[in-house]
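Asks: Once you've had a glance at the structure underneath, I'll fire off some questions.
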Amino acid sequence: MAKKYIDVMDTTFRDGFQSVFGGRVLMEDFFPALEAAKEAGIRHFEFGGGARFQSLFFYLNENAFDMMDRFRAIVGPDANLQTLARGVNTVMLDTGSREMVDLHAKMFKKHGTTTIRNFDALNDVENLKYSGERIVHHGLKHEVVVTMMDLPPGCVGAHDVAFYEKTLREILDSGIPYHSICFKDASGTSSPHKVYETLKMARKLVPEGTHLRLHTHETAGVSVACYLAALDAGVDGIDMAAAPVSGGTSQPDILTMLHATKGMNYDLGGLELEKILKYEDVLGDCLKDYFMPPEATQVSPLIPFSPMPGGALTANTQMMRDNNMLDRYPEVIRAMREVVEKGGYGTSVTPVSQFYFQQALNNALMGPWKKIAPGYGKMVLGYFGKTPTAPDAEIVRIAAEQLKLEPTTDNAIDIADRDETKSVAYWTKKLSDEGIEATDENIFIAASCDVKGIAFLKGEATVNVRKNSPKAAESIQSNQSQQENLLMANGTYTVIVDGQQYNVQIVGGNATVVQAAPTVVAAPAAPVAAPVAAPVAPVANANAICAELPGSVFKLVAAVGDSVNAGDKIMILEAMKMEIDVVAPRTGKVTSINVQPNDKIEAGQVLAVVE
C-alpha cells in the first residue's frame with residue numbers, strides 16, 4: 001500500500017527566522033540557503049507576512065515586497081509560497097480598515113504569494129469574514145485558521161476540544177471561502193491528546209477531501225509528539241523548519257520528523273534525509289555570523305504556565321537584553337498566567353501574545369494592574385473583537401478608566417473604518433506631503449509601518465541586526481561605528497567587566513570611572529556592543545513626564561508650545577513590539593520635549609514637561 005503523502009511547509013525563512021532572530025535576517029545572507037532548499041526538493045515555503053513584514057522595514061532597511069519578488073524568482077513559478085495574516089490586522093499590530101485589508105491581499109498576490117494563512121487570535125470569526133473574502137477575491141488560496149493553546153493549569157472555560165469544535169462550526173457556517181484549514185498553536189502548549197481529539201473531531205466535521213494542517217512550536221517540548229498525534233488523527237499537512245533555526249522556539253526539525261516517522265505509513269513531502277542534510281549545512285553556513293540567543297535553542301516546561309509563543313519569546317528576550325533587564329524575564333513569564341486568565345483567554349499569538357507580555361511586564365515592574373498596557377486594555381474592552389470568555393470585570397473597569405474608553409461590542413473592522421488614519425486617502429496625502437510617490441505598495445508600507453515606513457521610503461532607515469562577527473558590515477546598534485556611538489554618548493553608564501559592575505561617566509568621548517559597584521553581577525547573556533545606560537534617577541520636577549519602561553521613541557505627536565488636555569498624546573514609544581502612548585497627565589502647555597524619534601530611553605528618563 002502506498003504511503004499517505006503529507007504536505008510539508010518549510011517555515012525556515014519566516015517563522016524560523018522570527019522565532020530565533022526576531023525576523024532580523026538579511027535577504028542576501030539567506031538566499032544561498034533558499035537555493036539549497038529548492039535543490040533538496042522543497043516546494044512549499046512560508047516566505048513572508050506576520051512579523052517578517054514589518055521587521056524588514058523596521059530593522060533591515062529592506063523592502064518586504066522586493067524580498068518576496070526575489071524569493072519567487074529563485075524558487076520558480078510552481079512553488080507554493082505562503083504568508084501569514086492576522087485577520088483584520090493583516091500584517092499590522094493594530095486593526096485595519098476594509099480598504100487596508102483589501103490592499104493587503106492585492107499587494108501580496110502581486111508580489112508572488114500563493115496562499116495566505118489567515119487567523120484571528122481571539123478566534124472571533126467576524127474578524128475572518130472580510131479578510132478571507134478579499135484573499136480569495138484577489139486569486140489567492142485561503143487557509144483559514146483555528147488558533148490553539150493550552151490554558152494555564154487550573155484554568156477552564158476555553159481552549160478545549162468543545163471550544164475548537166464551536167469555532168470550526170462557526171467558520172463552516174459563516175460561508176467564509178477557504179481552500180484549507182489549519183489548527184495553529186504558536187506557543188506549542190497543546191497536549192498531544194488534545195491535538196489528536198481535535199483533529200479527529202475536525203476530520204469528521206469538515207467536507208470530505210478538506211485539507212487539514214497542524215502548526216506548532218517546540219517551545220514546550222511536545223511538538224514531535226503533537227505532530228505524530230495529528231498524523232494518527234488524519235492530518236494532511238504539517239510545518240517544519242531546518243537547522244539551525246529548528247527546534248527550541250521554532251518548529252520541529254525536518255530531519256527529526258523524518259526520523260520520527262521511519263517505518264510509518266507516511267511520506268513527508270517526498271523529502272530525503274541526505275538532501276535535507278545538505279540544505280541544513282548550507283543554511284548553517286549562511287547564518288554562522290548571527291547571534292543565536294540561547295533561549296531560542298531550548299525548550300521550557302514553564303511555557304504552559306504562561307503561555308509564551310516561540311515567535312514572540314526571543315523577540316521579547318532580545319528587547320529585554322537590549323534594555324539591560326533580561327533578569328526580569330522569569331518574573332514577567334510568571335505574571336503572564338494571571339494576565340491570560342483575566343484577559344478572556346485569547347490565544348497567545350501575535351498580537352494578543354504581545355498584549356499579554358506587555359501587561360505582564362507592567363505588572364512585574366509597576367505592581368499588579370497599576371498600569372494597563374494600551375493593547376491589553378483595548379482587547380478586554382472589545383476593540384479587537386470578542387474574547388473567548390468574558391474578561392474579568394474589575395480589569396475591564398480599570399482599563400476603561402485608565403484608557404478613557406468605553407467597552408464596545410462593535411465589530412473591529414467597523415471601528416477601523418471610522419478611523420480616518422486607517423484610510424487610503426489619509427496615507428496618500430501623507431506620502432504626498434513627504435514627497436513620496438503614492439503607489440499601492442508605498443501606501444501599504446506607510447500604513448502598516450507608520451513613521452518607520454516613511455523613514456524607509458525616504459531612505460532614512462538604518463540596519464539593526466545582531467551578528468557575532470566583528471567583520472560584519474552592520475553594527476548591532478546602527479550603521480555607525482562603535483567609536484562614533486561613544487563620541488555621541490555623553491552621560492553616565494553602567495558597564496560590566498569580568499562580572500564586576502562599574503559606573504562610567506563619558507563626556508565628549510572621554511570615559512572616567514567614577515564608582516566601582518561593590519557587588520558582583522551575573523555576566524550578560526549576549527555580547528554587549530555598547531555601554532548600557534544606567535537607570536535614570538527620579539526627577540523632582542512634578543511637571544515632568546517620565547518613561548515608565550525602557551524602549552525607544554517611535555513618534556512625537558506634540559511639540560513645544562502646544563496646549564494639551566489631560567490624556568492627550570505627547571508621543572508614542574516602542575517597547576517589546578508594542579506602541580505605548582505617552583499622554584499628558586494634566587491640562588497645560590508643553591514646555592519641553594527632551595527626546596527625538598529613534599532615541600533609546602530608560603525607565604525614569606524625562607521625556608517631556610507639561611506645565
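The values are calculated or read from the model by the stated rules, or taken from the named source; none is laboratory data. Quick caveat: nothing in here was measured; it's all calculated off a predicted structure. Cβ coordinates were reconstructed from backbone atoms using ideal geometry, including for glycine residues, and neighbour counts include every protein chain displayed. The protein model used for the area step is the full one, side chains on, heavy atoms only, and it has no ligands, DNA or RNA in it. Shrake-Rupley method; radii C 1.70, N 1.55, O 1.52, S 1.80 Å.
Asks: On the protein heavy atoms, probe 1.4 angstrom, tell me the percent of accessible surface of the chain carried by carbon and sulfur.
Replies: 52
Asks: Ok, one more. Using only the Cα atoms of the chain, what do you get for the radius of gyration and for Dmax, in Å?
Replies: For the chain, the Cα radius of gyration and maximum Cα-Cα distance read 23.8, 80 Å.
Asks: Using only C-alpha positions, report the orientation-averaged shadow area of the convex hull of region 216-367, nm², one decimal. Each step should come with its number before you reach the end.
Replies: Working: hull surface 41.7 nm².
Mean orientational projected area (region 216-367, Cα hull): 10.4 nm².
Asks: Rounded to the nearest Å, what's the spacing between the alpha carbon centres of region 80-130 and region 577-611? Just the number, please.
Replies: Between the Cα centre of region 80-130 and that of region 577-611, the gap is 33 Å.
Asks: Ok, one more. Provide the per-residue ³J(HN,Hα) series for region 596-607, in order, calculated from phi with Karplus coefficients 6.51, -1.76, 1.60 and θ = phi - 60°, each as a whole number of Hz, with x at glycine and proline positions.
Replies: For region 596-607, the Karplus-derived couplings read 10, x, 6, 5, 7, 10, 10, 4, x, 5, 6, 9 Hz, x marking Gly and Pro.
Asks: Determine ³J(HN,Hα), in whole Hz, for all residues of region 159-165 in sequence, where each value follows from phi through the Karplus function 6.51 cos²θ - 1.76 cosθ + 1.60 and θ = phi - 60°; x replaces Gly and Pro.
Replies: 6, 10, 4, 4, 5, 5, 5
Asks: For Lys370, go through the lysines and keep the ones whose alpha-carbon is under 23 Å away, minus same-chain ones fewer than eight residues off.
Replies: Leaving aside lysines fewer than 8 places away in the same chain, those within reach of Lys370 are Lys342, Lys378, Lys404, Lys569, Lys577.
Asks: Taking only Cα atoms of region 1-60, what ratio of Rg to Rh do you get with Rh as the Kirkwood inverse-distance radius?
Replies: Using only Cα positions, Rg/Rh for region 1-60 is 1.08.
Asks: Find the centroid of the Cα atoms in region 283-305 and in region 198-216, then give the distance between the two in whole Å.
Replies: Their Cα centres are 31 Å away from one another.
Asks: Separate question: Can you find, among Thr314, Pro294, Gly375, the residue farthest towards the positive end of the dipole of region 290-380? Put +1 on the C-beta of Lys and Arg, -1 on that of Asp and Glu.
Replies: Gly375
Asks: Per residue, how big is the convex hull around the C-alpha atoms of region 122-184? Give it to me in cubic angstrom, could you?
Replies: 76
Asks: Still on this structure: Any chance you could tell me what percent of the C-alpha pair distances in region 158-242 go past 17 Å?
Replies: More than 17 Å apart: 43 percent of the Cα pairs in region 158-242.
Asks: For region 175-220, what class follows from the C-alpha gyration tensor (a ≥ b ≥ c being the square roots of its eigenvalues): rounded when a/c is under 1.5, otherwise prolate if a/b is larger than b/c, else oblate?
Replies: Values: a/c = 3.05, a/b = 1.68, b/c = 1.81.
It comes out oblate by the Cα gyration axes.
Asks: While we're on this one: Cα convex hull of region 380-420: how many Å³ per residue?
Replies: Hull volume normalised by residue count: 62 Å³.
Asks: For Arg586, what charge total do you get from the other residues with a beta carbon under 11 Å from its beta carbon, if Lys and Arg give +1 and Asp and Glu give -1?
Replies: Summing Lys/Arg as +1 and Asp/Glu as -1 gives -1.
Asks: Give, in whole angstrom and from largest to smallest, the semi-axes √(5λ) of the equivalent ellipsoid of region 392-476, with λ running over the eigenvalues of the Cα gyration tensor.
Replies: Its equivalent ellipsoid spans semi-axes of 35, 24, 10 Å.
Asks: I'd like the orientation of helix 192-205 relative to the chain: the angle between its Cα long axis and the longest Cα principal axis, in ° from 0 to 90, rounded to 10.
Replies: Approximately 60 degrees, to the nearest 10.
Asks: Now, a different point. Quick one: 3J(HN,Hα) in Hz for region 103-115, Karplus 6.51/-1.76/1.60 with θ = phi - 60°, rounded, Gly and Pro as x.
Replies: 5, 4, 5, 4, 6, 6, 5, 4, 10, x, 6, 9, 10
Asks: If one takes the longest principal axis of the Cα atoms in the chain, at what angle in degrees, from 0 to 90 and to the nearest 10, does the Cα axis of helix 352-366 lie?
Replies: Roughly 30 degrees between the two axes.
Asks: Report the one residue of Ile176, Pro192, Gly209 whose Cα lies farthest in the direction of the positive end of the charge dipole of region 168-213 (charges on C-beta: Lys and Arg +1, Asp and Glu -1; origin at the Cα centre).
Replies: Working it through, the farthest residue towards the positive pole turns out to be Pro192.
Asks: Right, another one. For the chain, what does -39500 (n - 2.57) per DSSP helix run (n ≥ 4), summed and divided by total residues, give at 222 nm, in deg cm²/dmol to the nearest 500? Walk me through the intermediate numbers first.
Replies: On the way: 20 runs with 221 residues, N = 611.
Mean residue ellipticity at 222 nm (helix-derived): -11000 deg cm²/dmol.
Asks: Which value, in Å², gives the accessible area per residue of the chain when a 1.4 Å probe is used on the protein heavy atoms?
Replies: Accessible area per residue, the chain: 39 Å².
Asks: Identify the GluC sites (Glu not before Pro) of region 168-262 meeting these criteria: DSSP loop state and at most 15 other C-beta atoms within 10 Å of the C-beta.
Replies: Filter output for region 168-262: Glu208.
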